[in-house]
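A short worksheet on the structure shown next.
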Amino acid sequence: MKNWIFPLILIGFLAIMGLAVWYLARRTAFVFGTRATWWYVTYSFLLIGSFVFMFLASQPWTVNPIGHICSIVSSVVVGLLLYLLMFMLLVDIVQLFAHMPRWLFGTIVGVLTLGVCGVAMHNALSPKLVEVTVQLPKLQQSLRAVQLTDTHIGHFRGKNHVQKLVNLVNEAKPDIIFFTGDCFESWYNFNAQTLEPLTQLKAPIYFVEGNHDGYVNNKQAKQPLREAGVHVLENEVTTDKGLCIVGLEYMSADTKSTNAHAPHRSETIESTLPSLSIDKTLPVIALQHSPIGTDYIEKAGIDLLLSGHTHGGQLWPLTWINNHVFRYNKGLNRQNTLQIYTSCGSGSFGPPMRMGTSSEVTLLHLEPASK
């Protein structure tokens with residue numbers, strides 16, 4: 001990324017936040033028939049405080065009760081403010097023609113904001129099984145594979161959520177399970193007991209790290225997974241169920257790419273893949289947290305890439321923005337001989353809300369490719 005781009009993005013973000021505070025304060029003052037001065041202060045405090053605490057939620061000190069509560073409240077407030085702004089703008093457009101009294105304007109905005117945020121929270125905390133059929137060359141028999149990703153265990157999700165996912169996976173009766181990273185997102189609920197339900201899984205499970213696992217230290221994040229019987233792959237190749245499985249750690253695609261989330265390491269997807277002994281006589285599945293480096297993955301002769309990371313954008317209108325940020329934002333895609341499945345994941349980042357996406361566990365019906 002060029003040196004001038006980040007400051008430009010930061011200035012643009014701050015300008016948008018400033019306009020949002022100005023608009024929300026003015027319209028809230030209209031609804032309550034008050035001066036806007038204190039509303040400027042209130043919204044500035046809520047916005048700045050919520051963003052700061054939301055991004056500090058991964059810090060070790062947030063495991064204490066006050067830090068935990070602040071992390072939860074700040075994340076919820078960010079989502080509420082987003083939809084409050086959107087519905088206030090929408091109702092304001094209607095107001096140009098309807099000329100509603102203040103109480104009706106405020107009531108409609110409040111009901112829409114709380115209603116949609118309530119539905120969005122339900123969507124985020126209620127993972128569903130999504131079924132996808134993928135045809136693979138060289139596959140000798142049909143297989144049922146489950147993909148887990150982006151569980152984001154932390155302030156909003158703990159052992160009960162893991163148990164819910166395990167029940168969903170076992171009901172799908174998979175032959176093999178792939179876990180493509182971001183198991184944890186903070187030190188809260190980071191312990192072996194949280195992952196104890198994983199021992200109930202009835203199929204072998206393979207894991208690769210995600211960027212959020214680094215928030216609790218990548219090596220430490222992998223230890224409770226290993227204790228739960230999970231096979232952790234660190235730029236390694238293994239075979240199981242007639243598949244060649246390539247597990248890549250979280251890294252940049254190449255030295256020319258900029259990935260703000262990737263840890264500072266010399267390895268890239270481009271440099272790592274040629275060093276791995278990939279058995280191309282078998283169907284080859286790669287596990288990589290983010291759907292990047294697909295040109296190198298295709299060149300390596302891999303048939304299917306399983307990824308997460310994007311959350312599909314998680315919340316509208318971010319879902320629309322993500323479609324322009326990520327080449328393969330969600331769902332099943334094809335790049336010549338390579339198929340890419342990007343799962344929206346079963347967790348969330350920031351606001352515990354989903355609108356325009358679903359919280360998912362993916363059942364992949366792997367079928368021999370038709371001739």
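Read the figures in this text as sums done on the coordinates, not as results from a lab. Source: prediction; values computed, not measured. With ideal geometry, Cβ positions are generated from the backbone for all residues, glycine too; neighbour counts draw on all protein chains shown.
List of remarks:
- Extension gain (nm, one decimal) between Ala98 and Ile321, 0.36 nm per residue minus Cα-Cα: 77.1 nm
- Angle in degrees between helix 5-32 and the longest Cα principal axis of the chain, rounded to the nearest 10: 40
- Nearest 10 degrees, 0 to 90: helix 37-56 Cα axis against the chain principal axis: 10
- Residues in segment 227-256 that a label on Asn167 would reach, taking backbone N under 12 Å of a point 7 Å out along Cα→Cβ: none
- Annotation for segment 1-62: trypsin sites (Lys or Arg not before Pro) lying in DSSP loop with at most 11 further Cβ atoms inside 10 Å of their Cβ are Lys2, Arg35.
- Each label point was placed 7 Å from the Cα along the Cα-to-Cβ direction; for Gln200 and Tyr23 their separation is 4.6 nm.
- Residues Lys159 and Thr239, FRET efficiency given R0 of 51 Å [Cβ-Cβ distance, rounded to 0.05]: 0.95
- Dimensionless Rg ratio for the chain, taking C-alpha atoms and the 2.2 N^0.38 Å reference: 1.08
- Contact order normalised by residue count of segment 5-124, Cα under 8 Å, 6+ apart, percent: 23
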